[in-house]
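Participant: I am attaching a structure below and will ask some questions about it afterwards.
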Amino acid sequence: TAPSVISFTLSDTEFITGDNATLTMVFSEAVASFSSSADITVANGTLAVMTSTDNITWAGTFTPTANTEDDNNTILLATSYTDTAGNPGPAATTLNYAIDTQAPSVSSFTLSDTALITGDNATVTLVFSEAVASFSSSADITVANGTLVVMTSPNNITWAGAFTPTANT
């Protein structure tokens, strides 16, 4: 009788920079010719050599690829392994996992008027490639020769605020 795969799971399925997870695979019986480097295909990451104390339960560390943004990934088990009697095992696939290890970028950073005179204000608009979570215009933007009110955003992607030049400058 061929071995079966009882479970093939990752301890996490939402990866950001610095994350990793344990990939655990449990077979119905001991397998003899299993090699994580030869029998497993990993999308957008690396898998450390999986180890086992009983040749039934195997575990290894998955690390997502840096600078990657992909929400459609799985890890595949091939049919190239066997049980101790030589019966080939079935293929298996993990559930989907998402990776976002790519830093946001600035799509545009504009000032609505670049020739300001006394009494003028201009709108500063900053557009990121994706929603940002910890942006603060007062902490993250340096303003010379004027003041910038706290920038606000309806979606954490496009931020806007009023710039007022310093008088007599």
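The values are calculated or read from the model by the stated rules, or taken from the named source; none is laboratory data. Model, not experiment: these values are computed from the prediction. Neighbour counts are summed over all protein chains in view; Cβ atoms, including those assigned to glycine, are modelled from backbone coordinates with ideal geometry. What goes into the accessible areas is simple: the full protein's heavy atoms, side chains included, and nothing from ligands, DNA or RNA. Shrake-Rupley method; radii C 1.70, N 1.55, O 1.52, S 1.80 Å.
Participant: Could you please find all residues in region 65-76 being more than 13 Å from L10 (Cβ to Cβ) and open to solvent by less than 30 Å² (accessible area, probe 1.4 Å)?
Facilitator: T68
Participant: Among the listed residues Y81, Y97, identify the single one that is of a type in the set (F, W, Y), open to solvent by less than 30 Å² (accessible area, probe 1.4 Å), within 16 Å of S11 (Cα to Cα) and touching a strand residue (DSSP E or B) at 6+ places or on another chain (Cβ under 6 Å). Show your work before the answer.
Facilitator: Working: Y81 fails: within 16 Å of S11 (Cα to Cα).
Sole residue among the options that is of a type in the set (F, W, Y), open to solvent by less than 30 Å² (accessible area, probe 1.4 Å), within 16 Å of S11 (Cα to Cα) and touching a strand residue (DSSP E or B) at 6+ places or on another chain (Cβ under 6 Å): Y97.
Participant: What is the one condition in (1) under 14 Å from I6 (Cβ atoms); (2) of a type in the set (A, V, I, L, M); (3) in a loop (DSSP other than H, G, I, E, B) that V26 does not satisfy?
Facilitator: It fails just one condition, (3).
Participant: Taking the criterion of being touching a helix residue (DSSP H, G or I) at 6+ places or on another chain (Cβ under 7 Å), exposed (fewer than 13 other Cβ atoms within 10 Å of the Cβ) and either among the β-branched types (V, I, T) or more than 30 Å from L47 (Cα to Cα) (or both), would at least one residue in region 155-169 satisfy it?
Facilitator: For region 155-169, residues touching a helix residue (DSSP H, G or I) at 6+ places or on another chain (Cβ under 7 Å), exposed (fewer than 13 other Cβ atoms within 10 Å of the Cβ) and either among the β-branched types (V, I, T) or more than 30 Å from L47 (Cα to Cα) (or both): absent.
Participant: Under 7 Å between Cβ atoms, at least 6 apart or on separate chains: pull out the pairs that start in region 72-100 with a residue that is under 12 Å from A2 (Cα atoms) and polar (S, T, N, Q) and end on any residue that is assigned to a loop (DSSP other than H, G, I, E, B) and open to solvent by less than 10 Å² (accessible area, probe 1.4 Å).
Facilitator: Hits for this filter: T79/G89; T82/G89; N87/P3.
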